[in-house]
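In what follows, a structure is listed as structure tokens, so that the remarks can point back to it.
The values are calculated or read from the model by the stated rules, or taken from the named source; none is laboratory data. This one's a predicted model, so the numbers in the text were calculated from it and none came from an experiment. Positions of Cβ are generated from backbone atoms using ideal geometry, with glycine treated the same way; all protein chains shown enter the neighbour counts. Ligands, DNA and RNA are stripped out before the accessible areas are found, and what is left, the full protein with its side chains, is counted by its heavy atoms. Shrake-Rupley method; radii C 1.70, N 1.55, O 1.52, S 1.80 Å.
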Amino acid sequence: MKPWSSILGAFAICLISSSAWAGGVTLTSVGGSQFALRDGQALPAGVAVRIGTFLLPTETRDQTLVAATDYVTLKSWFQPLAESGEASGTIAQPGESGGFLRSNGFPTAGDIFGTISNISPSFMPPGTQLYVWVFNHVDPEQSTQWGIFTSENWTVPESLGTRVLSTGAGVQALHGNTGGQQLLLRDIPVSYGNWTWKNYSSDAFPEIAGAAEDPDHDGIANLAEYAWLLRANAPDTTRAEIKEEGGVLSFTFKRPRNLPDVSVSAECSPDLKKWSPATSVLIGSDADFDTLRSTATSGERCFWRVRFSSITAP
């Protein structure tokens, strides 16, 4: 059998021979929809591409993936088969029997093509649904867009069988969009989990990335740093202050306008023991924040604080 690599010239991929002891798949967007950035521009050369499956219940897997927003959560479910440029997996699916995925290497910008041979049935059984996870950067941690795509026909074949994962028809975008002849990425969702991934990496210890932790020792917990758009790894000042005007104390604080998973409110205490919500009024807004003010009534003793609460689990 003539090697694929000699047929395709400089585009080297793994050979699937008739003596292969397990199945293989070829991912190709050639002749089908091309992958593109969310604005329709072709993918940059060499971006990160992953192919594999998500270890979730079959009946609800796609619905769960659509609802998921955090990279760390998605990655924890992901079982890789191959990853752009080098094989991925475990001892059961070693690099030597993996494959290569190339972005923009063949035949034109926006195309992704690659072959994974000798898929061990013990690592990924025949019939397993396959997914393609595409980023807009060679390093996922530096990416700002991603897409997760699948198709009813994208499954691991039987032993000795081969299957083409084509983008010609029937591709679903679980994260991203399908439009015209393109499979479009989307902006990575805003969430506390993705903020910690970007700032502390996907394998950071809870003692560093936890919502209540303060690794930069500026007195502002991670969840507050996220909500107030502050720097995770450098000292900052709060976006709250107490003022006295005409003998009246007031407390102003910033409440984010565009974060779906955190609520910010003021509380008041007469003794630093018992806390209750403080009545606050809106006094201004900008693109990122509403500014609210709470005022102490005459003769009232009030210690203020800002409460940050996760609406969904980080």
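Points worth noting:
- Failed item in (1) open to solvent by 30 Å² or more (accessible area, probe 1.4 Å); (2) at pLDDT 85 or above; (3) in a loop (DSSP other than H, G, I, E, B), with G40 passing the rest: (1)
- Filter result (small (G, A, S) and open to solvent by 60 Å² or more (accessible area, probe 1.4 Å)) within the range 62-83: A67, S76
Per-residue answers, yes or no, for (1) on the phi < 0 side of the Ramachandran plot; (2) of a type in the set (V, I, T); (3) part of a loop (DSSP other than H, G, I, E, B); (4) at pLDDT 95 or above:
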position: H217; (1), (2), (3), (4): no, no, yes, no
position: A232; (1), (2), (3), (4): yes, no, yes, no
position: P235; (1), (2), (3), (4): yes, no, yes, no
position: T238; (1), (2), (3), (4): yes, yes, yes, no
position: L249; (1), (2), (3), (4): yes, no, no, no
position: T252; (1), (2), (3), (4): yes, yes, no, yes
position: R255; (1), (2), (3), (4): yes, no, no, yes
position: C268; (1), (2), (3), (4): yes, no, no, no
position: L272; (1), (2), (3), (4): no, no, yes, no
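- Scoring P277 on the criteria (1) modelled with pLDDT under 90; (2) touching a strand residue (DSSP E or B) at 6+ places or on another chain (Cβ under 8 Å) leaves a single failure, condition (1).
- Selection count, the range 160-215, where residues are in a strand (DSSP E or B), among the hydrophobic types (A, V, I, L, M, F, W, C), touching a residue at least 60 places away in the same chain (Cβ under 8 Å) and open to solvent by less than 60 Å² (accessible area, probe 1.4 Å): 5
- Selection within the range 242-274 - of a type in the set (D, E) and exposed (fewer than 12 other Cβ atoms within 10 Å of the Cβ): E244, E245, D271
- Filter pass, V30 being at pLDDT 80 or above and open to solvent by 40 Å² or more (accessible area, probe 1.4 Å): yes
- When residues of the range 139-176 are limited to those that are hydroxyl-bearing (S, T, Y) and modelled with pLDDT under 90, the one nearest to the chain's Cα centre (by Cα): T162
- Every pair of residues 6+ apart whose Cβ atoms lie under 9 Å, when the first sits in the range 257-272 and is basic (K, R) while the second is open to solvent by 30 Å² or more (accessible area, probe 1.4 Å): R257/S285; R257/D286; R257/A287; R257/D288
- Index of the failed condition, R305 passing every other in (1) open to solvent by 40 Å² or more (accessible area, probe 1.4 Å); (2) in a loop (DSSP other than H, G, I, E, B): (2)
- The selection criterion, being within 30 Å of N199 (Cβ to Cβ), open to solvent by less than 70 Å² (accessible area, probe 1.4 Å) and touching a residue at least 40 places away in the same chain (Cβ under 8 Å), does not hold for L230.
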